[in-house]
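Visitor: Once you've had a glance at the structure underneath, I'll fire off some questions.
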Amino acid sequence: MSGATRELSTAIASLSDRVRGPVFTPDAAEYDAERTGFQLLGPHRPAAIVGATDARDVRAAVEFAAAHGARVAVQAGGHGLNAALEGGVLIGTRRMSDVRVDPRARTAWVEAGANWQEVIDAAAPHGLAPLSGSSPGVGAVSYTLGGGVGLMARRHGFASDHVRRFDLVTADGHLRRVTPEEEPDLFWALRGGGGNFGVVTGMEIGLVPVTALYGGGLYFDVEQVPGVLESWRRWTAGVPDELTSAVAMLPFPDLPVVPEELRGRHVAQIQIAYLGSEEEGSRLVEPLRALGPSLRDTLRMLPFIESSKVFDEPDRAHAYRSSNLLLPDLDPEALAALPKLAGPSAPVMCVVGIRHLGGALARPPKTASAVGHRDAGYSLGVLSPVAPGEEDLVRATHLDALEPWWGKEIGRSLNFSFGPLDEEQVRSAFAPRDYRRLTELKARHDPHALFHSNHPVPPAGG
């Protein structure tokens, strides 16, 4: 144990007197539960965890860490954990989960630890909905800091485009009100630039008047309907902005826990979210239904509080890694190679996810933001569960699966990249001029890199 670590350990005892929430050290019974989240691979190993209950706790934790030369990381649900904090102070925000809706202004105040389902549930009684993502268990703030491509993205744009205000604790321990008028540079950076500039304790977001959508999934056997990916690609060229869709391709094991109709099959699941009537939605998807026999068809009118059923993603914590590319379009030849490269014959299980972008995502917001590559037409990702000792194999498999696309990409989405990223990979998520601006802001507000981020932007010159 280094001298600095011993000093920090001794000082941690005084931290409990400065915060209202609990403080956990590695010898506490609750330590492991507090430091892990949805992503189980490579959890944080902090010297102390502060279970923050409000902005004052966050300020105290940041001030303590700065005074003792310790780094700070933040965790709500732990879905996007990529780079573990070793030592230092972890601020857990899950106790800060308040959501307050103003139905007349069509806004919601969302605390740092609230997930999207909590925001959805609070907004629904007022006939409103947030720009939430495919998995409502994800933390709303962390999702939004990365831009946020959700179920209504092609109609309403990035979730970050709808932020009105952030409350942010910076490295100097100050709680700042961040709006287009107050702290405009930070407001620009936080909307899409990641959680690298401080700890967001809450945000005010705009809501949209949506109570339901036509959505769900169409499931096809890739062997029975081999052209499903190419057919979906051609179909997306003519759909309206009100329709946001994606396709996931995954091999289901032949196990009793898997629904019988999917068991042992390589499945393409087309995911649909349409802001319109059931009649019009059914008409729009008819070309997809005509592709061939489906294993499942779950499309129907869904109350927005049930929006998780569109992607129907697993909600069980597990270890995983994912690689992502943003593409201007989908090359048919490379698309045709995906079932072989990332199908049942791959060395590890691969889940391919392709999302249709464009529409409102391509249009700049009224107030500029750091979101990169708005001109991307599609997002392509490959995700794999990781068993002990398999991380190198998963990394190599993902490289092989994405090889036909190298040179065709325009960048990457950090929100869909689950794994340690180097500086060049982080840089690729932004326009060059915006990345330089982000590094300059990092140097101004966090020159000593106090904050340990999943997607670190280094200080300029650092």
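Visitor: Kindly rank 408-419, 257-268, 184-195, 430-441 from highest to lowest mean number of other beta carbons found within 10 Å of each residue.
Guide: Peptide ranking by packing, descending: 184-195, 408-419, 430-441, 257-268.
Visitor: Got a number for carbon plus sulfur as a percent of the chain's accessible area, 1.4 Å probe?
Guide: 50 percent
Visitor: About its Cα centre, how strong a charge dipole does the stretch 40-136 have in debye, to the nearest 20, once Lys and Arg get +1 and Asp and Glu get -1 at the Cβ?
Guide: 80 debye
Visitor: Still on this structure, please answer the following. Only loop residues by DSSP count here, and only those with at most 14 other Cβ atoms within 10 Å; note down the GluC sites (Glu not before Pro) in the stretch 26-134 that meet that.
Guide: Of the GluC sites (Glu not before Pro), the ones in loops of the stretch 26-134 whose Cβ has at most 14 other Cβ atoms within 10 Å are Glu30.
Visitor: Taking only C-alpha pairs under 8 Å that are 6+ residues apart, what is the relative contact order of the chain in percent?
Guide: Value for the chain: 16 percent.
Visitor: Still on this structure, I have one more. With each pseudo-label sitting 7 Å past Cα toward Cβ, what's the Asp315-Glu230 distance in nm, one decimal?
Guide: 3.9 nm
Visitor: Normalising by the residue count of the stretch 16-144, find the relative contact order in percent from Cα pairs under 8 Å and 6+ residues apart.
Guide: Across the stretch 16-144, relative contact order equals 21 percent.
Visitor: If you don't mind, another one. Nearest 500 deg cm²/dmol is fine: what mean residue ellipticity at 222 nm does the chain get from its DSSP H runs of n ≥ 4 alone, each adding -39,500 (n - 2.57), divided by its residue count?
Guide: -7000 deg cm²/dmol
Visitor: Mind jotting down a quarter of the surface of the convex hull over the alpha carbons of the stretch 249-305, in square nanometres, one decimal?
Guide: Hull-based average projected area comes out at 4.9 nm².
Visitor: Note the per residue figure in Å³ for the convex hull of the C-alpha positions in the stretch 155-303.
Guide: It comes to 168 Å³ per residue, whole-number rounded.
Visitor: Please work out the FRET efficiency for the pair Ala237 and Glu403, using the Cβ-Cβ distance as r and a Förster radius of 35 Å; give the result to the nearest 0.05.
Guide: 0.85
Visitor: Something else: So if each residue of separation counts as 0.36 nm, and I subtract the Cα-Cα distance between Thr25 and Glu63, what length gain in nm does that give?
Guide: Fully extending the segment from Thr25 to Glu63 adds 11.9 nm.
Visitor: Check the straight Cα-Cα distances from Lys309 and name the lysines below 30 Å, setting aside those fewer than 8 residues away within the same chain.
Guide: Once the sequence-local lysines are set aside, what remains near Lys309 is Lys340.
Visitor: Given a cut-off of under 8 Å on Cα pairs at least six residues apart, what relative contact order in percent is computed for the stretch 251-362?
Guide: RCO, the stretch 251-362: 25 percent.
Visitor: Return P(r) of the stretch 217-312 (all Cα-Cα pairs; 5 Å bins starting at 0; whole %; ordered from short to long distances).
Guide: Percent of pairs per bin, in order: 2, 13, 24, 24, 18, 12, 5, 1.
Visitor: OK, next. How many nm is it between the label spots at Ser345 and Ala396, if each spot is 7 Å from the Cα in line with the beta carbon?
Guide: For Ser345 paired with Ala396, the spin-label model returns 1.8 nm.
Visitor: If you don't mind, there's one more thing I want to ask. Taking 0.36 nm per residue of separation and subtracting the Cα-Cα distance, what length does fully extending Glu280 through Ala387 add?
Guide: That pair, Glu280 and Ala387, stretches by 34.1 nm at full extension.
Visitor: How large is the charge dipole for the chain, taken about the Cα centre, if only the Cβ atoms of Lys, Arg (+1) and Asp, Glu (-1) carry charge, to the nearest 20 debye?
Guide: Computed about the Cα centre, the dipole is about 820 debye.
Visitor: Just to be sure I understand: if I project the alpha-carbon convex hull of the stretch 370-462 onto a plane and average over all orientations, what area do I get in nm²?
Guide: The directionally averaged projection comes out at 7.2 nm².
Visitor: From the residues Tyr435, Ala52, Gly227, which one has its Cα farthest along the dipole of the chain in the positive direction, the dipole being from +1 and -1 charges on Cβ of Lys/Arg and Asp/Glu about the Cα centre?
Guide: Tyr435
Visitor: Another question, if that's okay. Taking a spot 7 Å from the Cα of Ser16 along the direction of its beta carbon, which residues of the stretch 48-90 have an amide N less than 16 Å from it?
Guide: In the stretch 48-90, the label zone of Ser16 (backbone N under 16 Å from the point 7 Å along Cα→Cβ) covers 48-52.
Visitor: So with the 1.4 Å probe, I'd like the accessible area per residue for the chain, rounded to whole Å².
Guide: 41 Å²
Visitor: Would you mind calculating the gained length between Ile305 and Arg433 on full extension (0.36 nm times residue separation, minus the Cα-Cα distance), in nm to one decimal?
Guide: Contour length minus the Cα-Cα distance gives 42.1 nm.
The values are calculated or read from the model by the stated rules, or taken from the named source; none is laboratory data. Keep in mind the model is a prediction, meaning the values are calculated, not measured. Because the Cβ atoms are built from the backbone with ideal geometry, glycine has one as well, and the counts that use them run over all protein chains shown. The accessibility values were calculated without ligands, DNA or RNA, using every heavy atom of the protein model including side chains. Shrake-Rupley method; radii C 1.70, N 1.55, O 1.52, S 1.80 Å.
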